[in-house]
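Only one structure is covered here, and it is reproduced in the block below.
What follows draws every value from the coordinates through simple rules; no lab data is involved. Keep in mind that this is a model prediction, so the values were computed, not measured. Ideal geometry is used to build each Cβ from the backbone, glycine not excepted, and the neighbour counts take in all protein chains shown.
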Amino acid sequence: ATSKPEYDLSRSHEAFLRACKVIPGGVNSPARAFGAVGGEPPFMARAEGAYLYDIDGHQYIDYIGSWGPMIFGHAHPTVRHAVVEALDHGSSFGAPTTREVDIAEAVVAAVPSIEKVRFVSSGTEATMSAIRVARGVTGRNKIVKMTGHYHGHVDSLLVQAGSAATTLGFPNSPGVTPGAIEDTILCPFNDVSAVAAAFERFPEQVAAVILEPVAGNMGLVPPRPGYLEQIRELTRKHGVMLVFDEVMTGFRLAFGGAQERFAIDPDMTALGKIIGGGLPAAAYGAKSAVMDFVSPAGPIYQAGTLSGNPLAMAAGLATVGMLRESPPYERLEAISARLEDGLRRAASDAKVPHVVQRVGSMLTLFFNQGPVHDYEDAKRSDTALFGRFFWEMLARGVYLPCSQFEAAFVSAAHTDADIDHTVDAARDALRAIVG
Ligand code: PMP
């Protein structure tokens, strides 16, 4: 375990003991367990704007934002109002609603490559369904996945998976059959020749290449200049569908996601997080010619009892509406750059090996000389140092992602003062660690 500064988490501790008796590891998603940083998580009571409040009475500046969705911060009045209004009309009908059409139109208008979109309830479902459609449309079985990229807990994609799978040391999960992954081909991110070699080795057998256009699940790793363009060209040449997993990057790196920011036209896109405005919603979309293969328009089956849920659609529509009407992207860029600079200066002054990588409002301070281009680079980071830094920051009221292999998210609710407080905390924290 890492050395933790003293601060009282006794109520959270009690809650965690209770939780561990009835929930595996005490949490409903592994990334929350703080396993990698050697400790127990604070239990949260509420959240507002850029802040989280735990049941022990601490306030934190939040850089997780529910792992991506809260681009306007927590409990935004517009989102809250939309959800309450929807709730008053009934929480689920299992029948179509006009709100689903409204949000589908908003997505089609926002994301350049999408003409039709299907809503689901989690990012996992979105990538799982996109892969099924890619296989169904091409009649091919194999998929190419990048090491260290995370696409949810889809069996065929849980191979060298990033996020908590990497953090906790199980990038290949027991319980996934050899059959489920025999058609998954792994390539390092940012290496075009590896993908070209895979296509040569398995001619006309690869249905799709799936990737995070900007990787956020092995820490923040941008694409090298030209990488996405070359992958686009190569996949097109080989009749392979290019699937962008924009569950993290969609509506965050630009209104139209990473594909707008980098001007790439993928064949399919998975969306999640922001699109549900903090409620469970995700989606996958493509050109009509592809999406018309999906049931009931076509033969590829995909369904969901709570898909297009009224409350989730209301939260998503309110969030997407605000992103369109008053885009926060310039401000996010400015305050995120301020944080990047501050962290870099703090780490330089403390003389610890580091690199800060950032795209828009997603960033990671790697305790690693850098640059980090792929999973192997990321794994060379000093995770013990990260763990100590994490606890020192938490004790100073800054809630960072609890793993070196996760990106931090800045929201429009963060103020310059929050950023400056965070940078001061980082200075103090590093001083406490390296003396
Ligand atoms: N894809 C990416 C890029 C993600 O970051 C995540 C979740 N962090 C997922 C898919 C899975 O989404 P969910 O947790 O909603 O199933």
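Stokes-Einstein at 25 °C, 0.890 mPa s, Kirkwood radius from Cα pairs: D for the range 1-94 in µm² s⁻¹?
On the way: Rh = 15.5 Å.
After rounding, the answer is 159 µm²/s.
Quick one: divide the alpha-carbon radius of gyration of the range 135-267 by 2.2 N^0.38 Å and tell me what you get. Can you show the working numbers first?
On the way: Rg = 14.1 Å, N = 133, 2.2 N^0.38 = 14.1 Å.
Working it through for the range 135-267, the quotient is 1.00.
Run the simple label-point estimate for Lys351 and Ala417 please: 7 Å along Cα→C-beta, distance reported in nm.
Going from the Lys351 label point to the Ala417 one covers 3.6 nm.
Long-range amide H contacts for Val398: which residues qualify at under 5 Å (H placed 1.01 Å from N, peptide plane, sequence gap of 5 or more or a different chain)?
Counting only residues 5 or more places away or on other chains, the set is Ile61.
Distance cut-off 31 Å, Cα to Cα: go down the list Lys351/Lys379; Lys21/Lys273; Lys21/Lys145 and report the pairs above it.
Values: Lys351/Lys379 20 Å; Lys21/Lys273 29 Å; Lys21/Lys145 36 Å.
Exceeds cut-off: Lys21/Lys145.
Return the calculated 222 nm mean residue ellipticity for the chain, to the nearest 500 deg cm²/dmol, obtained by summing -39500 (n - 2.57) across DSSP H runs with n ≥ 4 and dividing by the residue count. List each step's numbers first, then the result.
Numbers: 15 runs with 166 residues, N = 435.
Computed ellipticity for the chain at 222 nm equals -11500 deg cm²/dmol.
Using modelled amide H (1.01 Å from N, peptide plane; none on Pro or chain starts), what sits under 5 Å from the amide H of Glu406, excluding residues fewer than 5 places away?
Result for Glu406 returns Gly219.
To the nearest 0.05, what FRET efficiency results for Val84 and Arg331 with a Förster distance of 25 Å applied to their C-beta separation? Please list the in-between numbers first.
Details: r = 27 Å, r/R0 = 1.09.
About 0.40, to the nearest 0.05.
Would you please give the FRET efficiency between Ala75 and Gln205, computed as 1/(1 + (r/R0)^6) with r the Cβ-Cβ distance and R0 = 30 Å, to the nearest 0.05?
Details: r = 49 Å, r/R0 = 1.62.
So the FRET efficiency works out to roughly 0.05.
Applying the Karplus parametrisation 6.51 cos²θ - 1.76 cosθ + 1.60 with θ = phi - 60° to the phi angles of the range 86-101, what ³J(HN,Hα) value in whole Hz is obtained for each residue in order, glycine and proline being reported as x?
4, 4, 4, 9, x, 8, 6, 10, x, 8, x, 9, 5, 4, 5, 5
So if R0 is 25 Å, what FRET efficiency would Glu115 and Ala180 give, r being the distance between their Cβ atoms, rounded to the nearest 0.05? Provide the component values of the computation, followed by the final result.
Values: r = 31 Å, r/R0 = 1.23.
Efficiency, from the Cβ-Cβ distance: 0.20.
If you wrap a convex hull around the Cα atoms of the range 305-349, how much volume per residue is inside, in Å³?
On the way: hull volume 4.1 nm³, N = 45.
Cα-based convex hull of the range 305-349, divided per residue, equals 90 Å³.
Pop a pseudo-label 7 angstrom from the Cα along the beta-carbon direction at both Asp292 and Val108 and give the gap in nm to one decimal.
1.3
Taking the Cα atoms of the range 365-409 alone, what are Rg (to one decimal) and Dmax (as a whole number) in Å?
Here Rg and the maximum Cα pair distance are 10.8, 32 Å.
Taking the C-alpha atoms of the chain, how large are the radius of gyration and the largest Cα-Cα span, Dmax, in Å?
21.1, 64
So what is the diffusion coefficient of the range 216-264 in µm² per second by Stokes-Einstein at 25 °C and 0.890 mPa s, using a Kirkwood Rh over Cα pairs? Before the final figure, lay out the partial values.
Values: Rh = 11.7 Å.
Approximately 210 µm²/s, per Stokes-Einstein.
So what is the relative contact order for the chain, in percent, with contacts set as C-alpha pairs under 8 Å and at least six apart? Mind showing how you got there, number by number?
On the way: 885 pairs, mean separation 97.8, N = 435.
For the chain, the relative contact order is 22 percent.
Take the range 77-325, compute every pairwise Cα distance, and split them into 10 Å bins from 0; I just need the percent in each bin.
8, 33, 36, 19, 4, 0
What is the extension gain from Ser91 to Asn28, computed as 0.36 nm multiplied by their sequence separation minus the C-alpha to C-alpha distance, in nm to one decimal? All intermediate terms of the calculation are to be shown ahead of the outcome.
Details: separation 63, 0.36 × 63 = 22.68 nm, distance 2.29 nm.
Using 0.36 nm per residue and subtracting the Cα-Cα distance, I get 20.4 nm.
Using Cβ counts within 10 Å as a stand-in for footprinting exposure, how do Lys379, Lys287, Lys237 rank, fewest first?
Values: Lys379 18, Lys287 14, Lys237 10.
Sorted ascending by nearby Cβ count, the order is Lys237, Lys287, Lys379.
Using only Cα atoms, what Kirkwood radius does the range 101-181 have, in angstroms? Numbers along the way, then the final one.
On the way: mean 1/r = 0.0701 Å⁻¹.
Computed over the range 101-181, the radius equals 14.3 Å.
What percentage of all Cα-Cα pairs in the range 54-126 are separated by more than 19 Å? Display every interim value, and only then the final one.
On the way: 1542 of 2628 pairs.
For the range 54-126, the fraction of Cα-Cα distances above 19 Å is 59 percent.
What length, rounded to one decimal in nm, is gained on full extension from Glu6 through to Glu233, with 0.36 nm per residue of separation minus their alpha-carbon distance?
Additional length available on full extension: 76.3 nm.
Give me Phe34, Phe202, Phe189 ranked fewest to most by other Cβ atoms within 10 Å of their Cβ, as a rough exposure proxy.
Phe202, Phe34, Phe189
Among DSSP beta bridges lying fully in the chain, give the percent that are antiparallel, nearest 5.
Numbers: 25 of 44 bridges.
Here the antiparallel bridges make up roughly 55 percent for the chain.
Using the Karplus equation 6.51 cos²θ - 1.76 cosθ + 1.60 (θ = phi - 60°), what ³J(HN,Hα) coupling, rounded to whole Hz, does each residue of the range 237-252 give in order, writing x for Gly and Pro?
Karplus values, whole Hz, x for Gly and Pro: 4, 9, x, 9, 7, 9, 9, 8, 8, 9, 4, 8, 8, x, 6, 10.
List the residues whose amide H sits under 5 Å from the amide H of Asp245, counting only those 5 or more places along or on another chain, with H placed 1.01 Å from N in the peptide plane.
Here Leu211, Glu212, Ala270 satisfy the definition.
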